[in-house]
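Notes follow the structure.
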Amino acid sequence: MHMPIKKVTPETEYAEIAGWVHEVRDLGGLLFFLIRDRTGILQVTAPKKKVNPAVLDVLKRISRESVVRIRGRVIAIDKAPGGRELVPDEVEILNQCETPLLLDVVEKVPAELDTRLDARFMDIRKPRITSVFLIRSEVIKAIHQFLFSRDFIHITSPKIVAAATEGGTELFPIAYFEKEAFLSQSPQLYKQMMMAAGFEKVFEIGPIFRAEEHNTTKHLNEATSIDVEVSFADHEDVMRLLEDLIVEVYTQVSNRCSEALETLSINELIIPRTPFPRITYQNAIDIAARKTKENIPFGDDIGTTAEKAIGEEMGEHYFIIDWPTVIKPYYAMPHLDSPELCRAFDLMHPRMELASGAQRVHIHELLIEQIRSKGLQPENFEFYLTPFRYGMPPHAGWGLGAERLVMTMIDLTNIREAILFPRDRHRLVP
Ligand code: AMO
């Protein structure tokens with residue numbers, strides 16, 4: 001078995017490695033290679049006069065990005081990456097790479113995002129891009145660990161559904177035999193139904209599909225949502241859960257991903273501090289009006305320009321609370337004393353919204369009323385509404401965008417950088 005490149009040290013006398021040929025150079029008396037696997041890069045040098053002629057023949061045929069297996073002696077050498085290099089005794093080309101390459105993996109020639117996404121498999125070979133996905137993997141792992149440690153049950157809800165959850169305009173219709181169906185926008189209705197099932201604390205990490213036409217740097221048509229729902233909890237409880245989760249994820253990435261962070265030139269991941277500031281929707285639109293000189297009428301959504309201005313003023317993660325009931329979905333619980341406001345919240349990073357959530361309406365009659373007030377028909381939600389008549393506990397929850405979390409954490413400029421194969425207005429392949 002070959003050894004991960006990271007583990008090859010000057011103390012290792014002999015090593016077998018397998019990986020991709022990052023660079024090839026013929027320096028006259030010396031053939032020089034950099035071999036890469038997901039753990040790092042190793043210099044391999046073959047003095048032409050000393051290497052077995054059969055091995056030299058193979059070495060001479062190797063093209064960049066070919067897959068090779070090399071065995072040889074490890075020697076300490078100051079100038080090499082990691083202070084060591086390999087002098088080959090045996091070489092095998094496992095698969096020769098065609099030339100010219102689709103992309104420059106060494107990144108001497110920068111490529112447009114579209115070109116990179118067309119050849120995504122090769123783009124991901126770049127150590128910087130591998131690092132993004134190592135960090136994303138750690139984020140997802142840390143979330144699982146955090147939620148399991150707090151006794152959450154993992155659920156998987158259907159992605160082919162019969163009704164809208166968040167309102168009707170953002171749905172992808174699909175042909176489901178003789179019926180009309182849609183790709184799921186959110187596990188919302190199902191995670192709530194699991195409260196009536198008695199699970200008390202559930203989470204799901206899965207795809208959500210949004211047929212929004214916009215083509216922006218923070219929207220995808222297929223995104224990954226981290227959803228939770230908790231019984232006998234209110235909006236305050238799940239806001240605390242959310243901020244604790246964010247801190248835990250940052251801490252774990254900081255502890256476990258130091259090499260990936262270094263590759264991305266992030267010297268230190270600043271871990272947010274709890275409690276995150278809470279501002280009301282009214283505070284938020286006041287800040288926006290002051291900073292942008294444009295008034296947002298009460299009840300309108302906070303647009304991108306306003307969001308940016310408020311983010312600049314806040315300078316850290318924060319919550320916007322006390323939203324107008326008219327702009328939040330029917331399932332958000334209105335305040336008892338002032339029903340024009342509701343128990344919904346958004347979690348914001350200074351750059352953008354990361355999550356939204358609420359205490360939910362658990363009273364059947366009120367829910368029907370709210371569905372009607374949004375111009376929707378309760379008859380289309382029968383399967384969802386029935387559990388509210390047979391013992392639905394009070395509950396609250398949120399949905400957090402995985403790509404936005406990763407993107408803001410490591411300062412990526414475009415959300416497409418945070419997902420392997422983005423789906424957007426124009427991109428369906430690869
Ligand atoms: P919402 O629609 O606000 O709420 O979505 C929750 C979070 O998911 C992410 N997100 C997206 N990310 C990238 N591209 C998109 N098109 C996209 N749409 C959403 C965002 C957003 O904050 N059911 C509620 C959640 C709840 O109340 O539990 C919901 O779906 O980060």
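The values are calculated or read from the model by the stated rules, or taken from the named source; none is laboratory data. Keep in mind that this is a model prediction, so the values were computed, not measured. Note that each Cβ is placed from the backbone with ideal geometry, even for glycine, and that neighbours are counted across all protein chains shown. Ligands, DNA and RNA are stripped out before the accessible areas are found, and what is left, the full protein with its side chains, is counted by its heavy atoms. Shrake-Rupley method; radii C 1.70, N 1.55, O 1.52, S 1.80 Å.
Scanning for something out of contact with any helix residue (DSSP H, G or I) (no Cβ under 6 Å at 6 or more places or on another chain), outside any helix (DSSP H, G or I) and under 22 Å from Pro387 (Cα atoms), does region 233-248 turn up at least one residue? Looking for residues that are out of contact with any helix residue (DSSP H, G or I) (no Cβ under 6 Å at 6 or more places or on another chain), outside any helix (DSSP H, G or I) and under 22 Å from Pro387 (Cα atoms), one finds at least one in region 233-248, hence yes. Comparison of Ala332, Ala358 shows that the only residue that is open to solvent by less than 10 Å² (accessible area, probe 1.4 Å) and farther than 30 Å from Asp411 by Cβ is Ala332.
Here the condition is being part of a loop (DSSP other than H, G, I, E, B) and under 21 Å from the mean Cα position of the chain (by Cα); of Leu400, Leu412, it holds for Leu412 alone. Yes or no: Glu365 more than 13 Å from the ligand (Cβ to nearest atom), at pLDDT 95 or above and farther than 28 Å from Leu241 by Cα? Here the answer is yes, as Glu365 does meet what is asked. The set of residues from region 374-402 being more than 25 Å from Ile205 (Cα to Cα), at pLDDT below 95 and of a type outside the set (D, E, K, R) comprises Gly375, Leu376, Gln377, Pro378, Asn380. Taking region 160-188, which residues are within 11 Å of the ligand (Cβ to nearest atom), crowded, with 20+ Cβ neighbours inside 10 Å and of a type outside the set (Gly, Ala, Ser)? Answer for region 160-188, where residues must be within 11 Å of the ligand (Cβ to nearest atom), crowded, with 20+ Cβ neighbours inside 10 Å and of a type outside the set (Gly, Ala, Ser): Thr165, Gln185, Pro187, Gln188. For region 367-381, the set of residues classified as under 14 Å from Pro329 (Cβ atoms) and either in contact (Cβ under 8 Å) with a residue 12 or more places away in the chain or not in a helix (DSSP H, G or I) (or both) consists of Leu367, Gln370, Ile371, Ser373, Lys374, Gly375, Leu376, Phe381, listed by residue number.
The residue pairs whose first member lies in region 68-96 and is over 18 Å from Trp20 (Cβ atoms), whose second member is hydrophobic (A, V, I, L, M, F, W, C) and open to solvent by 50 Å² or more (accessible area, probe 1.4 Å), and whose beta carbons are closer than 8 Å, counting only pairs six or more residues apart or on different chains, are Gly83/Ala76; Gly83/Ile77; Arg84/Ile75; Arg84/Ala76; Arg84/Ile77; Val87/Ile75.
Which residues, counting only those in region 97-120, are in contact (Cβ under 8 Å) with a residue 60 or more places away in the chain and under 24 Å from Ile62 (Cα atoms)? Within region 97-120, Cys97, Val105, Val106, Arg120 qualify.
The residues listed here are Arg128, Arg136, Arg69; of these, the one that is touching a Leu at 6+ places or on another chain (Cβ under 7 Å), closer than 30 Å to Glu403 by Cβ and modelled with pLDDT of 95 or more is Arg128.
Rundown of residues vs (1) open to solvent by less than 30 Å² (accessible area, probe 1.4 Å); (2) not in a strand (DSSP E or B), yes/no style:
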residue	(1), (2)
Met195	yes, yes
Val202	yes, no
Thr216	no, yes
Thr224	yes, no
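Being closer than 22 Å to Gln96 by Cβ and open to solvent by 40 Å² or more (accessible area, probe 1.4 Å) is the requirement here; does Lys60 meet it? For Lys60, the condition - closer than 22 Å to Gln96 by Cβ and open to solvent by 40 Å² or more (accessible area, probe 1.4 Å) - is met.
Residues are listed down the side, and each one gets a yes or a no for (1) free of Cβ contacts under 8 Å to residues at least 24 places away in the same chain; (2) part of a helix (DSSP H, G or I); (3) under 24 Å from Thr216 (Cβ atoms):
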site	(1), (2), (3)
Thr274	no, no, no
Asn295	yes, no, yes
Asp300	no, no, yes
Ala306	yes, yes, yes
Glu312	no, yes, yes
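Within region 382-398, the set of residues being within 14 Å of the ligand (Cβ to nearest atom) and surrounded by fewer than 22 Cβ atoms within 10 Å (Cβ to Cβ) comprises Tyr384 only. Residues considered: Arg343, Arg290. Of these, the only one that is at pLDDT 95 or above, among the charged types (D, E, K, R) and outside any helix (DSSP H, G or I) is Arg343. For region 196-238, the candidate set comprises residues that are more than 12 Å from the ligand (Cβ to nearest atom) and either among the charged types (D, E, K, R) or touching a strand residue (DSSP E or B) at 6+ places or on another chain (Cβ under 6 Å) (or both); within that set, the residue that is farthest from Thr304 (Cα to Cα) is Phe199. Among residues of region 344-355 being open to solvent by 20 Å² or more (accessible area, probe 1.4 Å) and within 11 Å of the ligand (Cβ to nearest atom), the one that is farthest from Ala223 (Cα to Cα) is His349.
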